[in-house]
1. Calculate the spin-label point distance for Gln76 paired with Tyr168, positioning each point 7 Å from the Cα along the beta-carbon direction, and give it in nanometres.
2. Could you check how much of the accessible area of the chain is carbon and sulfur, as a whole percent, using a 1.4 Å probe?
3. Order these peptides, 124-135, 67-78, by their mean beta-carbon neighbour count within 10 angstrom, highest first.
4. Kindly provide the helix-only [θ] at 222 nm of the chain, computed as the sum of -39,500 (n - 2.57) over DSSP H runs of four or more divided by all residues, to the nearest 500 deg cm²/dmol?
5. Report, to one decimal in Å, the Kirkwood hydrodynamic radius for the range 17-168 based on all distinct Cα pairs.
6. What order, most packed first, do the peptides 99-106, 116-123 have when packing is the mean number of other Cβ atoms within 10 Å of each residue?
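The values are calculated or read from the model by the stated rules, or taken from the named source; none is laboratory data. Everything quoted here is computed from the prediction, not taken from an experiment. Note that each Cβ is placed from the backbone with ideal geometry, even for glycine, and that neighbours are counted across all protein chains shown. In case anyone asks, the SASA skips ligands and DNA or RNA and just uses the protein heavy atoms, side chains included. Shrake-Rupley method; radii C 1.70, N 1.55, O 1.52, S 1.80 Å.
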Amino acid sequence: MNMTHETTDKHKDYEMLPSIVRDMDIDDIASVYHLGETLFTSDLYPYIYRTWDQWEVIGLYNTDPEYCLVAEIDEQLAGFVLGTIINKSTLVYGYIIWLGVAPNCQRRGVADKLVDKLVERMIDDGARFMMVDTDPENLPALKFFTRKGFGNMRQHVFLSLNLSEHDY
């Protein structure tokens, strides 16, 4: 989602929305999946979002429910964050796997509340730092996470091989 300077300025006038953040429950799985399906499309970022499917939501809910949070406004899903804690010998770190906010709720404080709550949980659970990744062309996400204190940006190379055209 590339935004022009004009669009960015327009959103500065939006009021913050009174969202509540709570643990995701089993009844939220379908709504979270469908919101993610509208946000993480392969036409915008063909490689990074290609893995979004119902198993992403179900799997994380089953393995890391304490890091699956939703935001609601007037009992309607406004956004979600799905994360995990990774233990590597003595190193414990948090990882934001998916963060999505409904288009009509973007730039209005919903993502801030979701990430803040997840950060609190991960600190309480012993994480020493957190990681997140996104497509380098996803400027709104880069600006958001930089504003939230994420830094030390590194780009990685992602390679693919089209097997439908392979000689084998």
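1. Placing both labels 7 Å along Cα→Cβ, they lie 4.8 nm apart.
2. 52 percent
3. Those peptides, ordered most packed to least, come out 67-78, 124-135.
4. -9000 deg cm²/dmol
5. Hydrodynamic radius (Kirkwood, Cα only) of the range 17-168 equals 16.4 Å.
6. Top of the packing list down: 99-106, 116-123.
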